[in-house]
Amino acid sequence: MKACRLHIVTSFLVVAWLALSGAGCNTYRYVPADDHLYKGAKWKIDSFPVDKDVKADLAKVTRPKANSRILGIPFKLHLYNLLPQPKKQKGLLYKMKTQWAEAPVLLSRVRPALTEHTMTDHLFDHGYFRPHVAHGIEYKGRDALVRYKIVAGPRYRIRDIYYPSDSSSLSKRIKQTEDASLIKKGDVLNLETLEKERQRIVETLKLRGYYFFVPDHILYRADTLHNGLADIYFTVKEEAPPRALETWKIGKISVYGNYSLERDSIITKQKGRKEKRFTLIDNKERYKASVYESAILMKEGQQYNKDVHSLSIERLMNLNTFRFVKFAFLPDTSLGQRLLNTRVYITPTKKRTIRLEATADT
């Protein structure tokens, strides 16, 4: 234990001595003649103030980071310049060169235009709808610093929220979810929150039979004609397919109790045995129908409900008997109804064999 501590202390002292002794050495040893050592970025916000949380995020998107410094001295960079290139990818020298030291961060690695775009997007996403970001590069000898000038513009807040108001069943369902909305009047306009609201609407609809409805079928737009205020409109896209706009019920249920992907074409052609709530296809009859009946909560004629769907999968997996469970829903309108014929693919876990060996000393 003492030897280990002594090794650590010795290594630290070596690193500190090398770095300090290199403080006066050529900092630009590995900086190409046509390049510059990147000293970092500074930015200034003009006009409207920007909240602290947004400022902190802007600092994070400024990439890459310059070489680290302690008391203004880039110790890790000096260490990198002093150490020779290790011949083997192991040992103390390799560890010092690759983990303790830092290669010079070059200006050629910096992408100011990309950072401008990222900053603009970030401000826009957080309610600053008219941002402008520009940059300039300051050169001082072999060093270079990037300066960003940010004009954020006013930050918009929500004045009113409008959900679909036509007479369709889908619009009425969406309207009914309004009380659980994630966005409120007076909130700062945030695109991430709008995305979450769109997802919330879809999740609610999937509890009420809208199996084919997805977030992309909802469009939201912000009317920012008012100074610092925005009206939010949610609408159903005209391009949404007809089946996404209607509710669906569970049709015939088929349970494949001994399914394997390798034998898919064979298994899916097998005839099953009609049970009370489903048809069971399992020539080996590894489990009784009651095992599936207690776990699968879906019933024929029942309106599709995502929670029931998810809970059925969870209950089957919690039996610790199956290693694969998948539900597939096949739309069927041949009987004049919107039905989802349901196939439940189940792969049992492989049976383990236990071999006991007894030895006796004579």
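Each principal axis of the Cα atoms in segment 61-163 has its own extent, and those three values, largest first, are 66, 37, 25 angstrom.
When DSSP beta bridges are limited to those with both residues in the chain, what percentage is antiparallel, rounded to the nearest 5?
Working: 33 of 55 bridges.
About 60 percent, rounded to the nearest 5.
For segment 307-324 versus segment 120-151, the inter-centroid distance based on Cα atoms is 51 Å.
Hey, of (1) 32.2, 97; (2) 25.2, 89; (3) 26.6, 113, which did the structure itself give for Rg and Dmax of the Cα atoms in Å when calculated? Read-out taken from this structure: (1).
Compute the signed sum of charges (Lys and Arg +1, Asp and Glu -1) over the other residues within less than 11 Å, Cβ to Cβ, of residue 223.
Residues near residue 223 contribute 0 overall.
For the chain, the membrane-span-like helices by this rule, meaning whole DSSP H stretches whose C-alpha atoms cover at least 24 Å of axis and whose Kyte-Doolittle mean is 1.0 or above, are 2-21; this says nothing about an actual membrane.
Expressed to the nearest 5 percent, the antiparallel share of DSSP beta bridges inside segment 249-348 is 60 percent. For the chain, the relative contact order comes to 12 percent (Cα pairs under 8 Å, sequence separation of at least 6).
Classify segment 249-348: rounded, prolate or oblate, from the alpha-carbon gyration tensor (a ≥ b ≥ c, eigenvalue square roots; a/c under 1.5 rounded; otherwise prolate if a/b is larger than b/c)? Write down the numbers at each step before the final one.
Working: a/c = 1.69, a/b = 1.26, b/c = 1.34.
Note, shape of segment 249-348 comes out oblate.
The order of the peptides 299-305, 255-261, 67-73 by mean Cβ neighbours within 10 Å, most packed first, is 255-261, 299-305, 67-73.
Helix-derived [θ] at 222 nm for the chain: sum -39500 (n - 2.57) over DSSP H runs of at least 4, divide by residue count, nearest 500? Mind showing how you got there, number by number?
On the way: 10 runs with 103 residues, N = 362.
The helix-only estimate for the chain comes to -8500 deg cm²/dmol at 222 nm.
Contact order normalised by length for segment 114-186, with contacts defined as Cα pairs under 8 Å and 6 or more residues apart; what percent is it? Rounded, it is 24 percent for segment 114-186. If you count the DSSP beta bridges with both ends in segment 19-151, what percent of them are antiparallel, to the nearest 5? Percent antiparallel among DSSP bridges in segment 19-151 is about 60. With the simple model of a label 7 Å out from the Cα in the direction of the Cβ, residue 190 to residue 92 spans 5.1 nm.
Distances between placed amide hydrogens fall under 5 Å for residue 275 paired with 280, all partners being 5 or more residues away or on another chain.
Every number in this text was worked out from the coordinates using simple rules, so none of it is lab data. Owing to the predicted nature of the structure, the values given are computational and were not obtained by experimental measurement. Because the Cβ atoms are built from the backbone with ideal geometry, glycine has one as well, and the counts that use them run over all protein chains shown.
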